[in-house]
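A short worksheet on the structure shown next.
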Amino acid sequence: MQLKPPARPKLYSGLMPQEDLDPYRDLIPGLPEDLAKICLALVPRAHFPAMGAVSKRWMSFLESKELVAVRKEVGKLEEWVYVLVPDAGAKGSHWEILECSGQKQSPLPRMPGLTKAGFGVVVIGGKLFVIAGYAADHGKDCASDEVYQYDSCLNRWTVLAKMNVARCDFACAEVNGVIYVAGGFGPNGESLSSVEVYDPEQNKWTLIEGLRRPRWGCFGCSFEGKLYVMGGRSSFTIGNSRSVDVYNPNSHAWGQVKNGCVMVTAHAVLGKRLFCIEWKNQRSLAIFNPADDSWQKVPVPLTGSSSTRFSLVVHEDKLLLFPLEEEPGYQTLMYDPAAPMGSEWCTSKLKPTGSCLCSVTIKA
């Protein structure tokens, strides 16, 4: 019987080196290229690091963005939750994978560089980007311009191009496949208004039009192809800012919305809404709808966890709340915005081995 790949759009071209397109160096000997890619994409993600050692062709495909596109087409995307937890003795931290799929998963290798805080995290196409922040170097805190990428398919870290401006406590988000970083503190503790964008295809940072005012302690998110920057302060004296800076990549210009959220300690985007926990009201979710710039408040129940500080992460279209401090016997709270009224809250078995410093979800 002759095997035929399912009808599907033409796969990305130009991702493989020219020498690897030699017909005598097939991805899988005897199979058409498209069908061979589907076969590799059907393998569970936990096996990808070992598969990368088979050949350069396999490694090239496994580290390309095409892999995630093919896995999405064939319905094999796996969603894993990654959390950053303190090491024993609180002298450092490490990333770990929560057992979402029931499969045994490889531990994450140690993240490069010094242990940092005030950094940003962004996920694009199965890869986690850890951006800047400040690190203690010989007892002195200093802002960083370093950027690292974790490939969830190959279970490895890569050092990327450095930023143009070292910074910490800034806003960052992915918009249309590129990463935007805005504001924060600079190397000398100054409040920044500069903004730069990272293109993963070129491994290059480019400065663009800055914010209308310096801003730090803020956060970023993406809605309908635009970057939203909100929260934080514009200086030490003006106080908390409720204004929202909105950047439109098509017009290369900033706009403003007045109805923002202040001093946000955690945030996550689920569907077309933004979920926040504010510093002064930490037992409730502030939910932002960008369609009409409106906010809704939802109380966080006292069951499961008595914590007032959480890290938020989206998993299977639900919102998980991981406590930032260790709490014996706690259960992870889970919020389902699609559930009937009165049954939105429940608990999840997913929980880190220690207190959660940061959490992300990666689909690949």
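Any read-out appearing in this document is the output of simple, stated calculations on the displayed coordinates, not a laboratory observation. Everything quoted here is computed from the prediction, not taken from an experiment. Every residue, glycine among them, receives a Cβ derived from its backbone with ideal geometry; neighbour counts consider all protein chains shown.
Qualifying GluC sites (Glu not before Pro) in region 49-99, where qualification requires a DSSP coil assignment and no more than 15 other C-beta atoms within 10 Å, comprise 99. Could you please report the charge total around residue 295, scoring K, R as +1 and D, E as -1 over all other residues with beta-carbon less than 13 angstrom from its beta-carbon? Counting the neighbours of residue 295, the net charge comes to +1. For the listed residue pairs 116/258; 65/226; 56/363, the alpha carbons are over 27 angstrom apart in 116/258.
Here residue 318 is the anchor, and the aspartates and glutamates within straight C-alpha reach of less than 15 Å, apart from those fewer than 8 places off in the same chain, are 79, 336, 344. Rounded, prolate or oblate, given the Cα gyration tensor of region 266-350, with a/c below 1.5 counting as rounded? Prolate shape, in that a/c is at least 1.5 and a/b is the bigger ratio. Set the Cα radius of gyration of region 214-364 against 2.2 N^0.38 Å, with N its number of residues, and you get 1.08.
In terms of packing, defined here as the mean over residues of other Cβ atoms within 10 angstrom, the peptides 312-321, 41-50, 125-134 line up highest first as 125-134, 312-321, 41-50.
Which whole-number percent gives the relative contact order of the chain, counting Cα pairs below 8 Å spaced six or more residues apart? This gives 12 percent for the chain.
Overall shape: oblate for region 111-262, with the ratio a/c of the largest to smallest alpha carbon gyration tensor axis at 1.5 or above and b/c at least equal to a/b. With a ≥ b ≥ c taken as the square roots of the eigenvalues of the C-alpha gyration tensor of region 18-73, please select rounded if a/c is under 1.5 and otherwise prolate if a/b is larger than b/c or oblate if it is not? Because a/c hits 1.5 or more and a/b exceeds b/c, region 18-73 counts as prolate. Region 51-80 and region 106-130 have their alpha-carbon centroids 20 Å apart. Summing +1 for each Lys or Arg and -1 for each Asp or Glu among the other residues whose beta-carbon sits under 13 angstrom from that of residue 211 gives +2. Spatially, region 159-223 and region 266-280 are offset by 20 Å when compared through their Cα centroids. The aspartates and glutamates whose alpha-carbon is closer than 13 Å to the alpha-carbon of residue 351, local same-chain residues fewer than 8 away aside, are 96, 99, 325, 326, 327.
Report note on the peptides 158-167, 222-231, 289-298: ranked by the mean count of other C-beta atoms within 10 Å, highest first, their order is 222-231, 158-167, 289-298.
For residue 310, the residues 5 or more places off, or on other chains, whose built amide H falls under 5 Å of its own are 324.
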